[in-house]
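Right, one structure below, let's go through it.
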Amino acid sequence: MFIQLTYLDSSLPKNDADSATQIVAAFRSTAIIDSPPLRYPLRHLLRRLRQIRIHPLLHLRHNIRNKFNLNFSLHFFLSLKKPQSMAKSPETEHPVVAYGWGARDTSGVFSPFKFSRRATGENDVQFKVLYCGVCHSDLHMAKNEWGFSQYPIVPGHEIVGVVTEVGAKVKKVKVGDKVGVGCLVGSCGDCGQCNSDLENYCPKQILTYSGVYTDGTITYGGYSNLMVAAEHFIIRWPENFPLDIGAPLLCAGITTYSPLRHFGLDKPGLSVGIVGLGGLGHVAVKFAKAFGTKVTVISTSLSKKKEAIEKLGADEFLVSRDPEQMQAAPGTLDGIIDTVSAVHPIVPLVSLLKPNGKLILVGAPEKPLELPGFPPYYGEEVDIGECNWRA
Ligand SMILES: [Zn+2]
Ligand SMILES: [Zn+2]
C-alpha cells in the first residue's frame with residue numbers, strides 16, 4: 001500500500017536524525033508539516049519516523065480519491081519534547097573517531113560515513129581493520145531485505161586486523177597481534193547456550209553491525225578503519241595465516257564447515273553436493289575436499305565448471321537448470337550444502353539425495369522457499385541453518 005505523504009521538504013536528508021532534529025527544533029510550537037508530496041511505502045514511512053524519532057502519528061485523514069486507488073493524505077505533528085531525549089549522533093556518541101562506508105537507505109548505495117567507537121574498556125580490544133570480507137548478508141542488510149536493518153549501516157562481519165590497544169584485563173592478545181571478529185560482538189554470557197560456547201544461539205546475541213550494544217548504541221561493522229570489541233568475541237589470528245585470504249572464514253567458512261561436521265558429512269568416501277559457487281560455496285568445496293569426500297558442484301551456469309573442477313578440485317559438476325543432468329543423478333548424494341541466497345527450487349535437490357540424505361540450507365533468501373510435503377521426502381532430512389548461526 002502506498003500513502004501520499006505530506007512532508008516538510010523533499011530535500012531533507014532522508015535518514016539524517018540530526019538534520020531532522022534541527023528542523024524540528026526550528027518549530028517553536030506543535031506544527032503541521034506541509035510540503036510537496038512524496039510517495040512512500042507505508043513501512044518505509046513508519047521506519048523513517050522511528051529513525052528521526054518522531055513518534056506521535058496523530059492524525060491520519062484518508063482521502064479516498066477513487067475506489068481503486070487509496071491516497072491517504074497524511075498530516076503529522078512533531079512533538080518538541082522528543083528531541084530533548086534523543087541519543088547523540090553516531091559521530092559524537094563515543095570518544096574515538098571512526099569512519100567507514102555506510103548504507104543510509106534501501107538503495108544499496110554506500111557512501112563515506114563518520115561515526116565513533118567506544119573507548120577501550122578493561123575487557124576490550126581495539127584494532128586497526130586491514131581487511132574485511134563482503135558477505136552476501138551485507139548486501140541483504142544494506143537493502144533491508146530481511147526487515148530489521150537499522151540505518152545508517154556499516155556492514156562487514158569478516159573483519160581482520162592488528163591490535164592497537166587492549167584493556168587492563170585482556171589476556172588473549174596484545175598490541176601488534178593479528179585478530180579477527182565474525183558475526184557477533186556480544187551475548188548475555190549467562191544462559192545455557194553461552195555457558196556451552198554456543199553464543200551464536202544466545203537469545204540476547206548482539207550482531208556485529210546493525211545491532212544494539214549493551215550501552216544502547218548501534219553497532220557498526222568492518223567496512224571501517226577500526227574496531228573495538230570485547231575480548232570474548234575476538235579471535236586471535238595464527239601468525240603465519242594471511243589476513244586477506246583468511247578473513248572469509250569468519251562467516252562463509254564457519255557457516256559451511258560447521259554443518260559439514262555437525263551432520264557427519266566429513267567422512268572420506270561420502271558424496272557431498274555443494275549448491276552455488278559464490279562466497280560460501282567455494283569455501284564449502286574446499287572443506288568438503290579436505291575431508292576426503294567426493295564433491296559435486298551444482299550451479300545454474302556451466303560457466304563455473306572450469307573453476308569448480310580445475311581451481312577448487314571438485315569431482316563433478318551439475319547444471320541445475322538442465323533437467324536431463326539433474327534427472328540423470330537421482331539418489332547419488334549423502335548430503336547437500338545449499339548456499340544459494342536467492343529463491344530457487346528445492347525439490348530437484350532433494351531428488352539427488354540418497355535415502356536419509358541431508359539437505360542443509362545455509363543461504364538466506366529474502367523470501368520463503370517452497371517445500372511441498374509430498375512426495376519427495378521419504379527419509380530425507382532438511383535442515384535450515386543461517387549465516388554463521390550454526391557454529
Ligand atoms: Zn556473513
Ligand atoms: Zn546467552
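Applying the criterion of at least 2 residues that are within 16 Å of ligand 2 (Cβ to nearest atom) to the strands (runs of 3 or more DSSP E) found wholly in segment 145-210 leaves 184-186. Taking (1) within 11 Å of ligand 1 (Cβ to nearest atom); (2) modelled with pLDDT of 95 or more in turn, T255 satisfies each apart from (2).
Per-residue answers, yes or no, for (1) surrounded by 14 or more Cβ atoms within 10 Å (Cβ to Cβ); (2) polar (S, T, N, Q); (3) within 14 Å of ligand 1 (Cβ to nearest atom):
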| residue | (1), (2), (3) |
| --- | --- |
| V154 | yes, no, no |
| G189 | no, no, no |
| G192 | no, no, no |
| T219 | yes, yes, no |
| M227 | yes, no, no |
| I235 | yes, no, no |
| P238 | no, no, no |
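Of the strands (runs of 3 or more DSSP E) lying entirely inside segment 85-135, the ones with 2 or more residues being surrounded by 17 or more Cβ atoms within 10 Å (Cβ to Cβ) and more than 22 Å from the chain's Cα centre (by Cα) are found at 124-132. Being away from ligand 2 (no atom under 16 Å from the Cβ), in contact with a helix residue (DSSP H, G or I) (Cβ under 9 Å, 6 or more places away or on another chain) and of a type outside the set (G, A, S): is that true of L265 here? Yes: the conditions hold for L265.
Quick one: would you say A142 is closer than 25 Å to T92 by Cβ, surrounded by 15 or more Cβ atoms within 10 Å (Cβ to Cβ) and away from ligand 1 (no atom under 16 Å from the Cβ)? Considered against the rule, which asks whether it is closer than 25 Å to T92 by Cβ, surrounded by 15 or more Cβ atoms within 10 Å (Cβ to Cβ) and away from ligand 1 (no atom under 16 Å from the Cβ), A142 comes out as no.
List every residue pair whose Cβ atoms sit under 6 Å apart, with the two residues 6 or more apart in sequence or on different chains, where the first one lies in segment 184-200 and is in contact (Cβ under 8 Å) with a residue 12 or more places away in the chain and assigned by TED's automatic domain parsing to the domain that holds T214 and the second, anywhere, is of a type in the set (G, A, S) and more than 6 Å from ligand 2 (Cβ to nearest atom). Qualifying pairs under 6 Å: V185/A229; N200/A391.
Here N225 meets each of (1) in contact (Cβ under 8 Å) with a residue 40 or more places away in the chain; (2) of a type in the set (S, T, N, Q); (3) out of contact with any strand residue (DSSP E or B) (no Cβ under 6 Å at 6 or more places or on another chain) with one exception, condition (3).
Given the criteria farther than 21 Å from L371 by Cβ, surrounded by fewer than 23 Cβ atoms within 10 Å (Cβ to Cβ) and under 28 Å from the mean Cα position of the chain (by Cα), does K304 qualify? Criteria met by K304. Figure legend. Inter-residue proximity from segment 129-147: first residues more than 14 Å from A342 (Cα to Cα) and assigned by TED's automatic domain parsing to the domain that holds G221, second residues outside any loop (DSSP other than H, G, I, E, B) and near ligand 1 (Cβ under 10 Å from one of its atoms), beta-carbon distance below 6 Å, spacing 6+ or different chains. Indicated pairs: G133/P248. If you go through segment 124-139 and keep only what is among the polar types (S, T, N, Q) and within 16 Å of ligand 1 (Cβ to nearest atom), you end up with just S137.
Quick grid of which residues meet (1) of a type in the set (K, R); (2) within 30 Å of T214 (Cα to Cα); (3) within 28 Å of the chain's Cα centre (by Cα):
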position	(1), (2), (3)
I234	no, yes, yes
P242	no, no, yes
D266	no, no, yes
V285	no, no, yes
T300	no, no, yes
G313	no, no, no
A328	no, no, no
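Just to be sure, is V275 more than 16 Å from ligand 1 (Cβ to nearest atom) and in contact with a helix residue (DSSP H, G or I) (Cβ under 6 Å, 6 or more places away or on another chain)? Spelling it out, it is not the case that V275 is more than 16 Å from ligand 1 (Cβ to nearest atom) and in contact with a helix residue (DSSP H, G or I) (Cβ under 6 Å, 6 or more places away or on another chain). Among the residues of segment 194-217, which ones are more than 16 Å from ligand 1 (Cβ to nearest atom) and β-branched (V, I, T)? Selection gives V212, T214, T217.
The values are calculated or read from the model by the stated rules, or taken from the named source; none is laboratory data. Owing to the predicted nature of the structure, the values given are computational and were not obtained by experimental measurement. With ideal geometry, Cβ positions are generated from the backbone for all residues, glycine too; neighbour counts draw on all protein chains shown.
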